[in-house]
Amino acid sequence: MEIIEAINSRYSVRAFKPDPVPRHVLEELLTVSQRSPSWANTQTWEFTVVGGSVMDDLRKALADRAFAQDARNADIPYPEWTGKYRERRSRNGYRLYEHMGIAREDVEKQLDWFVSMYRFFDAPNAIYIYTERDISDWAIMNVGLMAQTISLAALHYGLGSIMLAAGVSYPDTVRQKLDIPESKQILISIAIGYPDADARVNKFRTERAPLSELCSWHGF
C-alpha cells in the first residue's frame, strides 16, 4: 500500500473480527515500525503485546472498573480540552452517537458504549507502549511517532487499529495483569486486529479542520 493511500484510508477501527493476529505478523509489524523517528535515535519506547486468555482477562478487568466508574488515574493525566478543541471533541462524539443510533438521553446505551472502549472494542490483540519515567517530555513525543507508525504499517498486513487512552486509564490494573514495573510510564494502548468491514461503526469517519484554519505561510 502506498503511503498516501495508507494515510487517507486509515481510520479508528471500533469493531474487529475475533480472529487473533498471528505472533509472527505482530513481530514483523513491530520490527518494521522500529524505523520510526525519535529524538537523536534514542528510541524511548518499549512494548507489551497482549493476546489469548491474557487479553480476555485484561479486557474484563478494565471493563469492570469502567462500568463501576472507578476514578481514572492514567500515568499521563487526562486533558481538560477548552475552546475549539472541546468543540471538535464534542462534535465528533455527537456525530458518532448519531451514526450508531444512540440517543442523547439513552444513558444505558451510552454507558455500554463507554465500557466497550475498555474492552478494546473486542479486538483480539493489544499493544501497550511505555517508556521510562521522568526522562524527558520528548520521550512521549517519540512514543507518539511510534504509535502513528504502527497504525499505518498495520494496513500493510490487512489489520486495523485504534489508539485507546481507555486502555491506560487504570495503570495499576494493567501493571498487575501484564507485569509492567512501576518504573515505566504507560502511555498508550493500541487495539489491533482484522477489521469487521460490515460493522456499522466502521463506516463512521471523523472530520478534519480545513488547512486554512491551521496553517500560516511565509515567503510564498
- Message: Being within 16 Å of residue 140 (Cβ to Cβ) and small (Gly, Ala, Ser) is true for just one of 169, 189. Which residue is that?
- Response: 189
- Item | Residue identified as out of contact with any Asp or Glu (no Cβ under 9 Å at 6 or more places or on another chain), among the hydrophobic types (A, V, I, L, M, F, W, C) and surrounded by 14 or more Cβ atoms within 10 Å (Cβ to Cβ) among 40, 15, 66 | 66
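Which count do you get for residues in segment 173-183 that are among the charged types (D, E, K, R) and more than 17 Å from residue 56 (Cα to Cα)? Explain how you work it out, then say what you get.
Looking only at segment 173-183, we keep the residues that are among the charged types (D, E, K, R), and these are 175, 177, 179, 182.
Adding the requirement that they be more than 17 Å from residue 56 (Cα to Cα) leaves 182.
Total meeting the criteria: 1.
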- Query: Which pairs have Cβ atoms under 7 Å, sit 6 or more apart or on different chains, and link a residue in segment 20-42 that is in contact (Cβ under 8 Å) with a residue 60 or more places away in the chain and over 17 Å from residue 54 (Cβ atoms) to one that is outside any helix (DSSP H, G or I) and among the basic types (Lys, Arg)?
  - Reply: none
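So, residue 73, is that one closer than 26 Å to residue 181 by Cα, exposed (fewer than 13 other Cβ atoms within 10 Å of the Cβ) and among the polar types (S, T, N, Q) or not? Can you show your working first?
Working: closer than 26 Å to residue 181 by Cα: yes; exposed (fewer than 13 other Cβ atoms within 10 Å of the Cβ): yes; among the polar types (S, T, N, Q): yes.
Spelling it out, residue 73 is indeed closer than 26 Å to residue 181 by Cα, exposed (fewer than 13 other Cβ atoms within 10 Å of the Cβ) and among the polar types (S, T, N, Q).
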- Task: Say whether the condition of being of a type in the set (A, V, I, L, M) and either within 16 Å of residue 161 (Cα to Cα) or touching a Leu at 6+ places or on another chain (Cβ under 8 Å) (or both) is met by at least one residue in segment 33-45.
- Result: no
- Message: Given the criteria surrounded by fewer than 16 Cβ atoms within 10 Å (Cβ to Cβ), of a type outside the set (D, E, K, R) and either in contact with a Leu (Cβ under 6 Å, 6 or more places away or on another chain) or touching a residue at least 40 places away in the same chain (Cβ under 8 Å) (or both), does residue 94 qualify?
- Response: no
- Task: Go through the residues of segment 98-109 one by one and say whether even a single one is modelled with pLDDT of 95 or more, part of a helix (DSSP H, G or I) and under 19 Å from the mean Cα position of the chain (by Cα).
- Result: no
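The values are calculated or read from the model by the stated rules, or taken from the named source; none is laboratory data. Note that this is a predicted model, so its numbers are computed, not measured. A quick note on method: Cβ atoms are made from the backbone with ideal geometry, for glycine too, and the neighbour counts reach across all protein chains shown.
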